[in-house]
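Undergrad: One structure is given below, represented as structure tokens, and several questions about it will come after.
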Amino acid sequence: MRLMRWLLPVAALFIAALTLTAPAADQPAKNKRLLLVTDSGGFVHDSVGVAEDVLKEIGPRNGFDVTCYRYTRDPKDPGFAKYAENFRAKTGVTVGPENCGRVNKETLKNFDEVLFFTTGNPLTKEELADLQEWVKAGGAFAGTHCATDTLYNSTYGSLVGGYFDLHPWHQKIKVKVEDPKHAAAGGFMDGAEVTDEIYQFKEPYSRDKLHIILSVDNSSIDTEKKDVHRKDKDFAISWCLEYGKGRSFYTSLGHRKEVWKDERFQKHLIGGLKWAVKDAPGDATPSAGKSGQ
């Protein structure tokens, strides 16, 4: 009896401790950690500051805590001051040491997804290899607009899915939704109109490798303009692909500030970001044999 009287309070304390430490069944999932990179070694888009503001606003309520790197090279480089001045003049956003960060094997440990809104060469050859290995191991990569105008003549093309090949149109176009079941198709109905700078793409862009989500309805554009290079008249807007154990998502929209403020684009982008971290549904089977038109 004495033993029982001693064991009962001990058992009660043990159960109470488990109750305090066990997570509640309805406890919300922890937000994913998203790194937005806007290093602009080439053309500086005036919308990158708006992009940062929008993602910091809508990210947390959609499952993403957002960190921003405006410069991913060495701030001690002689050209940093000129870069910072040009960036501020174009965007209204300053660049200081607190806005700088390298993308490499060590820093990638702190994130679940990386989103590029970049131009030029934001990574060294070694850093690009780190990023690709991180994605292949299960990480998530995404790009918007000029992410395809980045890191030419490297293996980056296989990660982002294609390279920019001029923008023959900056106008109102109609969107063709090729996969309405994909999470990134959210926001745009088939035939929806949007005004933005519209890209065409070159290798390694191929429907044999990419799952096309949105494309341009060619009835809304002049496909015979001088700067149009694609003879197949295949003008994708958004796609995705599996990359090793990880995923990659891209949308060419996002040149204009107005687009970043458009709730349709926000829903489209968030859907793609969530798909890339495997928090939203969507097929990644290549769209081979489908012209989109």
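Undergrad: With Cβ to Cβ distances under 10 Å as the rule, what net charge do the other residues near residue 120 carry (K, R +1; D, E -1)?
TA: -1
Undergrad: If you compute log10 I(q)/I(0) by the Debye sum over Cα atoms at q = 0.09, 0.15 Å⁻¹ for the structure shown, which of (i) -0.46, -1.34; (ii) -0.40, -1.19; (iii) -0.45, -1.14 do you land on?
TA: Working out log10 I(q)/I(0) by the Debye sum over Cα atoms at q = 0.09, 0.15 Å⁻¹ from the coordinates points to (iii).
Undergrad: Mind jotting down the distance between the C-alpha centroids of region 245-263 and region 80-110, whole Å?
TA: Value for the Cα centre distance between the two parts: 20 Å.
Undergrad: Okay, moving on. Which of 152, 69 comes first, and how do the rest follow, when ranked by fewest Cβ neighbours within 10 Å?
TA: With the sparsest Cβ surroundings first, the list reads 152, 69.
Undergrad: From the phi angles alone, apply the Karplus equation (6.51, -1.76, 1.60; θ = phi - 60°) to region 34-47 and give each ³J(HN,Hα) in whole Hz, x where the residue is Gly or Pro.
TA: 9, 9, 9, 10, 10, 4, 10, x, x, 5, 9, 7, 6, 8
Undergrad: I need the shape label for region 156-285. Rule: rounded when a/c is under 1.5, else prolate if a/b > b/c, else oblate, with a, b, c from the alpha carbon gyration tensor.
TA: oblate
Undergrad: Taking 45 Å as R0, compute the FRET efficiency from the Cβ-Cβ separation of residue 80 and residue 192 and round it to 0.05.
TA: According to the calculation, E is roughly 0.65.
Undergrad: Cut-off is 10 Å between beta-carbons; in what order do 170, 45, 255, 145 appear when sorted fewest neighbours first?
TA: Fewest to most other Cβ atoms nearby, the residues stand as 170, 255, 45, 145.
Undergrad: Now for a separate question. Counting Lys and Arg as +1 and Asp and Glu as -1, each charge on the Cβ, what is the dipole of the chain about the Cα centre in debye, to the nearest 20?
TA: Values: 40 positive and 40 negative charges, 165 e Å.
Taking the Cα centre of the chain as origin, the dipole is about 800 debye.
Undergrad: Quick one: which residues, 5 or more positions from residue 179 or on another chain, have an amide H under 5 Å from its amide H? H modelled 1.01 Å from N in the peptide plane, none for Pro or chain starts.
TA: Correct list: empty.
Undergrad: So which lysines pass the test for residue 226, namely a Cα distance under 17 Å, with those fewer than 8 places away in the same chain ruled out?
TA: 202
Undergrad: Which value in nm describes the separation of the simple spin-label points at residue 171 and residue 58, placed 7 Å from the Cα toward the beta carbon?
TA: According to this spin-label approximation, the distance is 2.7 nm.
Undergrad: Using the structure shown, select from 176/274; 172/257; 76/105; 30/56 the pairs with a Cα to Cα distance greater than 18 angstrom.
TA: Exceeds cut-off: 176/274; 76/105.
Undergrad: Looking only at the chain, where both bridge partners belong to it, what percent of the DSSP beta bridges are antiparallel (to the nearest 5)?
TA: If I count the DSSP bridges inside the chain, around 50 percent turn out antiparallel.
Undergrad: Follow-up question, since we're still on this one. Apply the a/c threshold of 1.5 to the C-alpha gyration tensor of region 27-181 and tell me whether it is rounded, prolate or oblate.
TA: rounded
Undergrad: What ranking do 169, 260, 239 get, fewest neighbouring Cβ atoms within 10 angstrom at the top?
TA: Working: 169 21, 260 24, 239 31.
By the 10 Å Cβ count, ascending, the order reads 169, 260, 239.
Undergrad: So, one more: Label-point separation (nm) for residue 125 and residue 222, each offset 7 Å from Cα along Cα-to-Cβ?
TA: That separation, rounded to one decimal, is 4.3 nm.
A short reminder: the numbers here are calculations on the coordinates, not readings from a lab. All figures in this text were calculated on a predicted structure; none of them were measured in a lab. Reconstructed Cβ throughout: ideal geometry from the backbone, glycine too, with neighbour counts over all protein chains shown.
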